[in-house]
Amino acid sequence: MKGNFAAIALAVIGVLALAVNLDLLEIDLVNLLRKWWPLALIALGVALYFTPDDQPRR
């Protein structure tokens, strides 16, 4: 799950950045990141919580 989460997050960020550069979206990414950066920490915590352990439980 950890690898999948990182891949999906990077793909979404890349698609948003490309859409802004191509003028498909009118989003101020800097202001958006300044306001919503804690959401990235929450998402990371949730992803780490649901990541299975490397060692099996006994």
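Table: residues versus (1) open to solvent by 80 Å² or more (accessible area, probe 1.4 Å); (2) part of a helix (DSSP H, G or I); (3) at pLDDT below 80.
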site	(1), (2), (3)
ALA6	no, yes, yes
LEU24	yes, no, no
LEU39	yes, yes, no
GLY45	no, yes, no
LEU48	yes, yes, yes
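Residue pairs whose Cβ atoms lie under 8 Å apart, separated by 6 or more positions or on different chains, with the first residue in region 7-22 and among the hydrophobic types (A, V, I, L, M, F, W, C) and the second surrounded by 10 or more Cβ atoms within 10 Å (Cβ to Cβ) and modelled with pLDDT of 85 or more, do not occur.
The values are calculated or read from the model by the stated rules, or taken from the named source; none is laboratory data. Values in this document were obtained by computation on a predicted structure and should not be read as measured data. Here the Cβ is made from the backbone with ideal geometry for all residues, glycine too, and neighbour counts use every protein chain on show. What goes into the accessible areas is simple: the full protein's heavy atoms, side chains included, and nothing from ligands, DNA or RNA. Shrake-Rupley method; radii C 1.70, N 1.55, O 1.52, S 1.80 Å.
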